[in-house]
There are 2 protein chains.
Amino acid sequence: MAYVHGYDERANERLHDQARTLVDLLHDDTAYPAGSLVLEAGCGVGAQTVTLAQHSPQARFVSIDVEADSVAAARRRVEAAGVTNVELRQADIFALPFEAHSFDHVFVCFVLEHLSQPVEALTILKGALKPGGTITVIEGDHGSTYFHPDSAAAHDAIRCQIDLQRAAGGDSNIGRQVYPLLVEAGLEAVHVRPLMVYVDASRPALVDGFTRKTFTAMIEGVREDAIAAGLIDPERFDTGIRDLYRTTEADGVFCYTFFKGVGVRAA
Amino acid sequence: MAYVHGYDERANERLHDQARTLVDLLHDDTAYPAGSLVLEAGCGVGAQTVTLAQHSPQARFVSIDVEADSVAAARRRVEAAGVTNVELRQADIFALPFEAHSFDHVFVCFVLEHLSQPVEALTILKGALKPGGTITVIEGDHGSTYFHPDSAAAHDAIRCQIDLQRAAGGDSNIGRQVYPLLVEAGLEAVHVRPLMVYVDASRPALVDGFTRKTFTAMIEGVREDAIAAGLIDPERFDTGIRDLYRTTEADGVFCYTFFKGVGVRAA
């Protein structure tokens, strides 16, 4: 039948939504060819590393982070997963221990948001690329957050995280800037796609896995710092968190958008 | 090659983006089977009617609007396009001149945002459906708007439109509520998809066709009413509009999201 909203297709979409985790959303169009050497810059504790390496089993990855503890945690995670195509090293993006033109591709996820000089970082990473190689950047954007029922207190609580990130030199609203950042760093053929997370009660895996345990838990995590910094009253913050949880009820809706961009180093 | 961000695919995506109009985005998964009878409720001046009917050439449409002038304009538009499967009638959603269970499907686009009783409207429209028929709802959400460079003045100008709509009994942030509205009206198997419009300089057709001529032009259109209502100073409003146009420059980005939901009347 020509009508595309048939029951079967809807049921399939639902199953897909529920199986789909945040990691799937971020990674499902990233796969590197056999034999390519990929730099994962700023791997942190390896939250993306295993998925990244498993999606490209015949590529080799060098995953770096500036923090030794994070590198150790990422190494444990990679070993526990039985992944063998990742080499972990402690290294600073701003003092890369590699020769120029060493890598076929670079992957950078949830890193630029922490940096006061994101264009400089991308320019350095571009220098590590072979001509024709790509940089892939994934960033969230807290300013993309909206929900039902709406709540000024919830927006105030989210703003605490944004203000703390800014005070630390970063930018929690960087997702929307991925296109201009890649262009300014001199990448070519830049293409950016939004990856929107839309959550309503028909998608219970996202209600629990994203709204509750990813986003709201992250905002809850800045409570003490936000209060200590005088950014908000405890009562107002707690009202905001309560209102974020309110969006996980049967009539609630929650929206957030990540941005994924790819640019090419000129051949 | 396994790497999915090849040049060819990127080039194809770009051509697609540029050919893609707002109408394509809204309609490209709506097609009704041959012989079905579809009610377009609140057709206005027929902005969606021709596309809707052309996508389902073997379905028949009854398109209604409460305003006689709008119906006349829609009729001229349908006739100019040579579309013959649409009947236009002046009628009020809240006093439908049809027998219960008359229609196979109902289509409602940019209508609920204007109504103070959207659930009641959907409940009435559900009554016009045969058992097993669908209602499709499309609404925008002005609260989904964000951009780079960010601008508090631009958000203030947008808020004028939202406040004027609210004063008129409507809700410009209704898009995110499509899921709970359809559920509350008693529709079943409700499924909602966000339709996000992401605009950067690599998508010039959207820069011009959406950011400039659709969204910013719409906000500009409330200037006199907003100033007359005392919602904003002229200077602040004009700064906001200037900042919205600023997002159309080479390093600018603009984001907006429509929501499209489908629900089924129980068999």
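Brief remarks on what is shown
- Potential extension, residue B:168-residue B:54 segment - 0.36 nm per residue separation minus Cα distance: 37.7 nm
- Residue A:218 exposes around 70 Å² of accessible area when a 1.4 Å probe is run over every protein chain in place.
- For the stretch A:209-250, the solvent-accessible area with a 1.4 angstrom probe is 54 square angstrom per residue.
- Scattering curve values for the stretch A:146-267, log₁₀ I(q)/I(0), Debye with Cα scatterers, q = 0.10, 0.12, 0.20 Å⁻¹: -0.39, -0.54, -1.07
- Simple point charges give the picture: +1 on the Cβ of Lys and Arg, -1 on the Cβ of Asp and Glu, and for the protein assembly as shown a dipole about the Cα centre of about 980 debye.
- Across the identical copies, the label point of residue B:220 (7 Å from Cα in the Cβ direction) is separated from its matches by 4.7 nm, in order from shortest.
- With both residues required to sit in the stretch A:36-97, DSSP beta bridges show an antiparallel share near 10%.
- Bins of 10 Å from zero: percent of alpha-carbon pairs in the protein assembly as shown: 4, 16, 26, 26, 17, 8, 3, 0
- Shielding value for B:175-182 is 6, the average number of Cβ atoms from other chains within 10 Å of each residue's Cβ.
- For the stretch A:78-217, the spread of Cα positions along each principal axis, largest first, Å: 52, 37, 29
- A simple spin-label model places the labels of residue B:92 and residue A:80 6.5 nm from each other, with each point 7 Å out along Cα-to-Cβ.
- Hydrodynamic radius by Kirkwood, which averages 1/r over all alpha carbon pairs of the stretch A:130-208, in angstrom: 15.1 Å
- Using heavy atoms of the protein chains and a probe of 1.4 Å, the accessible area assigned to residue A:214 is about 50 Å².
- Here the stretch B:191-231 and the stretch A:14-83 have alpha carbon centers that stand 38 Å from each other.
- Relative packing of peptides B:21-30, B:125-134 - highest average C-beta neighbours within 10 Å first: B:125-134, B:21-30
- Peptide B:161-168 has a mean shielding of 0, counted as Cβ atoms of other protein chains within 10 Å of each residue's Cβ.
- For the peptide B:186-197, the mean number of other protein chain Cβ atoms found within 10 angstrom of a residue's Cβ is 4.
- Loop GluC sites (Glu not before Pro), the stretch A:74-103 (other Cβ atoms within 10 Å of the site Cβ: 15 or fewer; DSSP): A:99
- Label-point spacing for residue B:233 across the identical copies (point 7 Å from Cα in the Cβ direction), in nm and ascending order: 2.9.
- Pairs of C-alpha atoms in the stretch A:34-87 farther apart than 18 Å represent 20 percent of all such pairs.
- Computed over protein heavy atoms with a 1.4 Å probe, the carbon and sulfur contribution to the accessible area of the stretch B:144-267 reaches 49%.
- In the distance distribution for the stretch A:98-169, Cα-Cα pairs more than 14 Å apart total 68 percent.
- Å³ per residue enclosed by the Cα convex hull of chain B: 151 Å³
- Calculated [222 nm] ellipticity per residue, helices only, for chain B: -10500 deg cm²/dmol; basis is -39500 (n - 2.57) per DSSP H run with n ≥ 4, divided by all residues, nearest 500.
- For the stretch B:186-231, diffusion coefficient by Stokes-Einstein and Kirkwood Rh (Cα), 25 °C, 0.890 mPa s, µm²/s: 182 µm²/s
- Cα Rg over Rh - the stretch A:54-115, Kirkwood: 0.95
- Scanning chain B for the beta carbon that comes closest to the axis linking it by rotation to A yields B:196, 3, distance in whole angstrom.
- Estimated at the nearest 10 Å², the accessible area of residue B:256 is 10 Å² with a 1.4 Å probe.
- Distances, shortest first, from the label point of residue B:76 to those at the same position in the other copies read 7.3 nm; the point lies 7 Å along Cα to C-beta.
The values are calculated or read from the model by the stated rules, or taken from the named source; none is laboratory data. Keep in mind it's a predicted model, so treat the numbers as computed, not measured. Cβ coordinates were reconstructed from backbone atoms using ideal geometry, including for glycine residues, and neighbour counts include every protein chain displayed. Quick note on the areas: whole protein, heavy atoms, side chains included, nothing else; ligands and nucleic acids left out. Shrake-Rupley method; radii C 1.70, N 1.55, O 1.52, S 1.80 Å.
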